[in-house]
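Just so it is clear, none of the values below were taken in a lab; they were calculated from the coordinates. Here the structure is a predicted model, which is why all the values come from computation and not from measurement. Counting neighbours? That spans all protein chains shown, and the Cβs are built from the backbone with ideal geometry, glycine included.
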Amino acid sequence: MLGGEEFEIETEELPADRVAVPESFAEQANVTPGQLRRFTEEGVDAWEMAGDLLTWDRPYRTVFDAEACDWFPDGQLNASVNCLDRHLDERKNQRALVWEGQLGETRTDTYLELSRKVNAVAAGLRELGVEEGDVVTLHMPVIPELLVTMLACARIGAVHAVVYAGFSAEALATRMAESNSSYLVVSDGYYRRGDAVSLTNRAETVRAGLDQDVTTVVVDRLGDNHQYPLGADEHQYRRLLADHRGETVDPVPRDATDELFLIYTSGTTGEPKRVTHTTGGYLAHTAWTSHAVLDIEPSDTYLCTADLGWITGHSYIVYGPLALGTTVLLREGEADQPPRTKLWELIEKHAVDILYTSPTAIRTFMKWGEEYPEEYDLSSLRLLGTVGEPINPDVWQWLYEHVGGGECPVVDTWWQTETGGHLITTIPGVDEMQPGTAGPALPGIEATVVDETGAEVDPNTGGYLAIETPWPGMPRELSEETRWAETSGVLPDSEWAYMTGDGAVVDDEGYVTILGRVDDVINVSGRRYGTLELESVIVGVEGIAEAAVVSGYDGRDQGIYAYANPDTDAADELALREAIYQAVETQIGSFARPDRIVFTPELPKTSSGKIMRRLLSDIAHGNELGDTSALRNPEVVGEIESATQSD
Ligand code: ATP
Ligand code: MG
């Protein structure tokens with residue numbers, strides 16, 4: 001797993017200095033140093049606090065069973081009760097969901113309204129034959145119906161499997177085959193940057209490609225733009241809702257270890273991997289981190305710009321925030337899609353308290369310019385968060401100043417589809433921030449950096465990031481396949497370890513800086529480089545919006561290839577090239593000087609918005625390119641190929 005080669009990363013350039021959390025924030029934070037003392041000093045199990053945030057049908061007696069690697073094993077609960085029913089006494093008329101559609105529509109559901117819809121859809125799914133444990137596949141854009149159906153599945157103990165709407169019919173069929181799913185809830189289409197995209201071929205392709213019969217429910221998203229002719233065993237969502245209006249469905253108590261949903265990783269480094277999350281551990285983990293890290297309160301309006309089809313949407317749009325009873329603002333479409341004022345307009349209009357977004361989106365906002373956020377009143381914001389990729393210190397600063405006005409803490413949350421929720425981040429009411437550095441491991445988590453033999457390295461030395469304690473949001477796969485005993489030996493000094501696939505550095509105080517993917521580490525002339533440091537230097541050059549560094553081969557030599565995306569009003573390429581060489585040489589050293597700098601109008605991105613370096617590396621090696629259909633912007637590939645060749 002660790003590979004045999006030496007893993008050495010240059011780390012002379014230490015990240016920028018720590019920044020204190022503004023006092024006005026710290027005073028009101030959900031979690032303060034005093035509260036954390038409960039488990040640092042009194043020895044209260046860190047994750048008991050998480051379990052205590054939930055409503056259990058049968059209370060758990062054990063937090064963690066190390067033998068079976070199970071969380072809250074004797075507890076029973078229902079996720080929809082935790083996200084809806086338990087809030088009704090206190091806030092049935094509070095808004096649970098505000099949706100802003102691509103065509104400028106706004107739809108609002110109070111907790112009571114949302115709960116009624118979830119009950120009706122749950123009753124409808126039951127009538128169609130869905131039983132506890134069945135896998136229901138959901139394939140829709142970010143519309144309220146998707147969130148409603150997720151919670152309806154949870155209510156009856158069915159396992160939802162959301163497949164991002166941008167995936168092809170074949171990808172959908174493969175996923176349904178893998179999970180043996182006989183139920184599909186699909187929209188007739190979606191809007192991509194304002195244009196209608198039909199999904200009507202989905203059900204047919206799925207049927208043709210699967211052995212099992214499939215019952216389909218069709219959600220109308222395109223309205224008059226599209227008519228979906230219903231075939232046999234196809235049902236209208238609207239009818240389902242109308243036919244079951246007013247019905248209530250008793251929530252099915254689920255064991256904490258029962259599956260809540262299936263989901264796939266982003267596919268940044270290879271084929272997307274399927275992951276199964278549990279009901280109790282996962283929900284406790286997402287609720288606790290929404291409370292402690294995102295600082296969500298019921299009275300807040302909370303906006304997360306992720307797509308519901310990815311783990312961030314599941315954990316930090318649906319389950320964590322709704323478990324806390326807050327108001328969730330849901331936006332259909334990508335964070336950084338035009339018009340350039342949209343996000344800021346929404347924050348002002350809804351007086352958003354918390355914004356959780358991605359470095360990739362912020363880099364686009366920077367490229368567009370600070371004049372857009374400056375036009376709006378963003379003073380309602382209290383906290384900013386990022387996830388998905390390392391955030392370059394310059395990008396962090398921009399967010400802190402131009403969006404947060406220097407008054408909102410920024411939490412740089414490191415986690416993965418596999419972890420279910422945050423593992424490494426500052427707790428804003430407790431820890432100082434460090435731009436470009438995620439922060440310490442959360443209480444109860446041990447994050448270590450090891451070398452290729454599995455031995456822990458000294459502080460400030462690069463290596464492989466390992467998690468050496470199980471955590472409640474861990475997926476079933478890890479619980480089942482990576483039991484304690486079986487993995488001892490992976491790391492000689494620990495009983496259990498999960499290798500994250502990321503490279504990292506830990507400082508003397510335990511702050512973790514993510515260096516990039518282990519797979520993305522560049523090996524040139526026997527020297528290995530993490531991608532983040534070089535990229536941050538290039539992005540720091542005036543006029544460069546985004547950069548990705550990979551190794552390449554020009555037929556004779558291996559070299560460092562830097563792909564850079566200039567601002568629209570940037571200086572000419574010759575000057576930019578010189579500025580990049582200068583910056584790399586002065587900030588890192590001449591050994592890291594890129595052999596090639598290729599300017600591109602855009603970098604290739606996964607559909608969840610991450611830079612896909614493996615594709616750039618294939619281009620830089622002149623390799624055959626695999627399937628590029630899962631890219632957000634497949635149209636840039638040809639351009640990048642010719643720019644690489646002609647450069
Ligand atoms: P795949 O596993 O299929 O290659 P993926 O790893 O991109 O795709 P996700 O689970 O969506 O799929 O992403 C998790 C990864 O995202 C982490 O392993 C890490 O590389 C990166 N990441 C997430 N948050 C951060 C962060 N705050 N700082 C640095 N990197 C981050
Ligand atoms: Mg991954």
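Over the stretch 525-646, all Cα pairs binned in 10 Å intervals from 0 give whole-percent P(r) values of 13, 47, 34, 6, listed from short to long. When only the Cβ of Lys, Arg, Asp and Glu is charged (+1, +1, -1, -1), the dipole of the chain relative to its Cα centre reaches about 2040 debye. If one takes the longest principal axis of the Cα atoms in the chain, at what angle in degrees, from 0 to 90 and to the nearest 10, does the Cα axis of helix 636-646 lie? Roughly 10 degrees, rounded to the nearest 10.
Taking Lys and Arg as +1 and Asp and Glu as -1, the other residues whose beta-carbon sits under 11 Å from that of GLU100 total +1.
The ellipsoid equivalent to the alpha-carbon distribution of the stretch 261-350 has semi-axes of 24, 20, 8 angstrom, derived from the gyration tensor eigenvalues as √(5λ) and listed largest first.
What FRET efficiency, computed as 1/(1 + (r/R0)^6) with R0 = 30 Å and r the Cβ-Cβ distance, is obtained for GLN35 and ASP377, rounded to the nearest 0.05? The computed FRET efficiency comes out at 0.40. Considering only LEU603, TYR60, THR426, the residue lying farthest towards the positive end of the dipole of the chain is TYR60, judged by Cα position with unit charges set on Cβ. Rounded to the nearest 500, the 222 nm mean residue ellipticity of the chain from helices alone is -7500 deg cm²/dmol, with -39,500 (n - 2.57) taken per DSSP H run of at least 4 residues.
Bridging of LYS349 to lysines at a Cα separation below 24 Å is possible for LYS92, LYS367, once same-chain residues fewer than 8 apart are set aside. Of all DSSP beta bridges confined to the stretch 525-646, the antiparallel ones make up roughly 75%. Distance from the alpha carbon centroid of the stretch 366-421 to that of the stretch 345-359 works out to 10 angstrom.
For a test of the definition: using alpha carbon positions, the gyration tensor, and the 1.5 limit on a/c, classify the stretch 119-183 as rounded, prolate or oblate. Verdict is oblate for the stretch 119-183.
The packing ranking, built from the mean of other Cβ atoms within 10 Å per residue, places the peptides 303-310, 125-132, 152-159, 252-259 in the order 152-159, 303-310, 252-259, 125-132, highest first. Axis of helix 169-178 versus longest Cα principal axis of the chain: the two differ by about 70°, to the nearest ten degrees.
Choose one of GLY530, SER617, THR568: the residue whose Cα lies farthest towards the positive end of the charge dipole of the stretch 525-646 (beta-carbon charges +1 Lys, Arg; -1 Asp, Glu; about the Cα centre). Working it through, the farthest residue towards the positive pole turns out to be GLY530.
Per q in 0.18 Å⁻¹, report the Debye log10 I(q)/I(0) for the stretch 210-250, using one uniform scatterer on each alpha carbon and no solvent. Calculated log10 I(q)/I(0) at the listed q: -0.66. When peptides 620-630, 418-428 are sorted by average Cβ neighbour count within 10 Å, with the highest value leading, the order is 418-428, 620-630. Compactness of the chain, taken as the C-alpha radius of gyration over 2.2 N^0.38 Å, stands at 0.93. Take 186-197, 573-584, 395-406 and order them by the average number of nearby Cβ atoms within 10 Å per residue, most first; the result is 395-406, 186-197, 573-584. Straight-line reach from LYS342: taking Cα to Cα under 18 Å and skipping same-chain neighbours fewer than 8 places apart, the aspartates and glutamates in range are GLU100, GLU105, ASP195, ASP307, GLU332, GLU334, ASP353, GLU370, GLU371, GLU374, GLU375, ASP377.
Debye-formula intensities of the stretch 74-202, expressed as log10 I(q)/I(0) at q = 0.09, 0.12, 0.22 Å⁻¹, are -0.29, -0.51, -1.30 (one equal scatterer per alpha-carbon, no solvent). Divide the volume of the convex hull around the Cα atoms of the stretch 43-143 by the residue count and you get 175 Å³ per residue. The slack in the chain from GLU234 to HIS621, taken as 0.36 nm per residue of separation less the alpha-carbon distance, amounts to 134.6 nm.
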